[in-house]
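Inspection log for the structure reproduced underneath, given as structure tokens.
The values are calculated or read from the model by the stated rules, or taken from the named source; none is laboratory data. Note that this is a predicted model, so its numbers are computed, not measured. Glycine gets a Cβ as well: all are built from the backbone with ideal geometry, and neighbour counts include every protein chain shown. Remember, those area values only see protein heavy atoms, side chains included, never the ligands or the DNA or RNA. Shrake-Rupley method; radii C 1.70, N 1.55, O 1.52, S 1.80 Å.
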Amino acid sequence: MDEPTDFEDPERYKVGDETYARDLEALKILRGKEDPQSATFVIANEDHTLGNSLRWILNRDPRVDFCGYSQPHPSDKLIKLRVQPKPVEEGEEPVDATEVLRDALKNLMQMCDHMSETMQTQARLYRQQQGLSIPAYEAPEEEDMDEEDDDESEVAEDDEEEQQ
Amino acid sequence: MASFNRDPQVRIMSLTDSEIKLQLSNADTALANSFRRSMIAEVPTLAIDDVHIEINTTVLHDEFIAHRLGLIPLTSERAAHFNYMRDCTCDAGCPNCVVKLELHVACRDAHQMEVTTEHLRSTLDGPDTSVVPVATAAERRDQSIQGNHIVICKIRQGQELKLTCYARKGVGKEHAKWIPTAAVAYEYDPDNALRHTFYEHPEMWPRSEYSQLTDDDKHEADYDPDGTADTFYMTVESTGAMPPEKICQSALESLFTKLVDLDNALEVLNA
Ligand SMILES: [Zn+2]
């Protein structure tokens, strides 16, 4: 904008709104005394979009004894994710809920990445086959990428290099 | 790292400017649903968020017009390159977080006149980057598409509307005006082999477009007691704010970002 805009109160766009609870900690870990490897993760500003997928992938992990999540109240912008790893046998290293959750996150990231990649190649292929125009955003060189895009393209490039 | 993921496969069945149909296989309801929810609520787009009205002698009051303006879909392919205004370093709007649109229409003769999205003049309207109402973009893409402009209000002789709009980046969970999809749906098990639903008269149900039944007399697949829902047929319809496959991509990016953020938070707490 060339000239400054005369918003009455620009601050109202800076502070929290009804969508995000900005006063909450991004993540809290609650643990009980009886089985210290289990934990309840209180994740702020997330909902079923993340919760349901996390529960699913965690339940696929053979090390997990129980996993569930809930959004305690629709007005609370948080979910609670409970992860209880299987009790360990003697001599074994106890598995911690944090470790299990981080593995779950990595697995989901891989799946997201994989879907995103197949989607892109498929869409490009489909457009070529049907003789449709390639949208401008698909253009090979993009100069001013924002942080998010930069991170991901770097990750993708690294992967390719590793494979080679 | 323990790996127990699946490799979800995506196959595009059809793709147009406004709709994509895809098959997601080797997945799960949880994944398909997260994907769907993300497309609706987590994909950043641009929409008019602030309206400064200078002259309004129309029959509609200011708030009514401001609300209508907010709901107009704007081309948002490059929304990812914008900042959220609340996160931007500027004080009160800059080219990185705000797009200004202007409108000035007056009716001088004794006819009814329609004020439409055609009259909105965007300040960001270059050959590479433009944030304009979707009907304007569609017209430029294809000359044969005309007259799809959204009516903002109707005016008569002597009435005038002059205002400035500020479009900002946002997501659907904040306000519905930022939702890039008109409809997102998915179905699985088109022939009801899993019996997740009960058809009292299977012959009366219209057959799914994804049905694999070849026999005309058969209306339901045989019951498959060991089957699970792992193939999903998704239909994503865009408002025009973004090409449909871009919505899918952006939704997956948002999911990815959530996962990375949580992973980082875990790392910080564990360190
Ligand atoms: Zn700014």
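So the values come out like this:
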| quantity | calculated |
| --- | --- |
| With every protein chain in place, the protein assembly as shown: carbon and sulfur % of accessible area (1.4 Å) | 45 percent |
| Theoretical FRET efficiency, 1/(1+(r/R0)^6), r = Cβ-Cβ of A:GLN71 and B:ARG156, R0 56 Å, to 0.05 | 0.65 |
| The range B:185-270: chymotrypsin sites (Phe, Trp or Tyr not before Pro) in DSSP coil with no more than 11 other Cβ atoms inside 10 Å | B:PHE198, B:TYR223 |
| Full-stretch length increase - B:ASP215, B:ARG195 - with 0.36 nm per residue and alpha-carbon distance subtracted | 5.3 nm |
| The protein assembly as shown: proportion of alpha-carbon pairs further apart than 28 angstrom, % | 58 percent |
| Estimated FRET transfer efficiency when R0 is 60 angstrom, pair B:SER25-B:ALA110 (beta carbons, to 0.05) | 0.45 |
| Gyration tensor verdict on the range B:60-146 (Cα atoms; rounded if a/c is under 1.5, prolate if a/b is larger than b/c, oblate otherwise) | oblate |
| Filtered trypsin sites (Lys or Arg not before Pro), the range B:81-190: DSSP coil and at most 12 other beta carbons within 10 Å | B:ARG108 |
| Max mean-square fluctuation residue, GNM over chain B, Cα-Cα springs under 10 Å, options B:ALA221, B:ALA106, B:ALA66 | B:ALA221 |
| Members of the range B:247-271 that become less accessible by 40 Å² or more once partner protein chains are added (1.4 angstrom probe, chain alone as reference) | B:GLN249, B:LEU252, B:GLU253, B:PHE256, B:LYS258, B:LEU259, B:LEU262, B:ASP263, B:LEU266, B:LEU269, B:ASN270 |
| Accessible solvent surface per residue of chain B, calculated while the other protein chains remain in place, 1.4 angstrom probe, Å² | 48 Å² |
| Cα gyration tensor shape for the range B:138-227, rounded if a/c is under 1.5, else prolate or oblate | prolate |
| 37 °C / 0.692 mPa s Stokes-Einstein diffusion coefficient of the range B:63-219, Kirkwood radius on C-alpha pairs, µm²/s | 168 µm²/s |
| Under the Karplus curve 6.51 cos²θ - 1.76 cosθ + 1.60, θ = phi - 60°, whole-Hz ³J(HN,Hα) for the range B:140-152, x wherever Gly or Pro sits | 5, 5, 9, 4, 6, 8, 9, x, 9, 5, 7, 7, 8 |
| Cα gyration tensor category, rounded, prolate or oblate, for the range A:3-124 with a/c compared to 1.5 | oblate |
| Counted charge near B:LYS162, where neighbours are those whose Cβ lies closer than 13 Å (Asp, Glu -1; Lys, Arg +1) | -3 |
| Span from the the range B:1-63 Cα centroid across to the the range A:34-61 one, whole angstrom | 24 Å |
| Within the protein assembly as shown, helix-based [θ] at 222 nm, where runs of 4 or more DSSP H residues each add -39,500 (n - 2.57), nearest 500 | -9500 deg cm²/dmol |
| Residues B:ASP128 and A:LEU125, FRET efficiency given R0 of 30 Å [Cβ-Cβ distance, rounded to 0.05] | 0.75 |
| q = 0.07, 0.11, 0.17 Å⁻¹: log10 I(q)/I(0) that the Debye formula gives for chain B, counting C-alpha atoms only | -0.37, -0.78, -1.28 |
| Exposure of B:VAL51 as accessible area (Å², to 10), given a probe of 1.4 Å and all protein chains | 30 Å² |
| Karplus-derived 3J(HN,Hα), 6.51/-1.76/1.60, for each residue of the range B:251-267, Hz, glycine and proline x | 5, 5, 4, 4, 4, 4, 4, 4, 5, 5, 4, 5, 4, 5, 4, 5, 5 |
| Amide hydrogen neighbours beyond the local backbone of B:THR75, cut-off 5 Å, H modeled | B:VAL132, B:VAL134 |
| Interface size A-B, as summed buried accessible area [1.4 Å probe, Å², nearest 100] | 6700 Å² |
| Shielding by other protein chains, A:38-45, mean Cβ within 10 Å | 2 |
| Of B:LEU259, B:LEU46, B:LEU163, the one that fluctuates the most in a GNM where chain B has Cα springs shorter than 10 Å | B:LEU259 |
| Solvent-accessible area per residue for the range A:3-124 (1.4 angstrom probe, square angstrom) | 54 Å² |
| Pairs beyond 23 Å (Cα-Cα), from A:LYS77/B:LYS100; B:LYS100/B:LYS162; A:LYS80/A:LYS106 | A:LYS77/B:LYS100 |
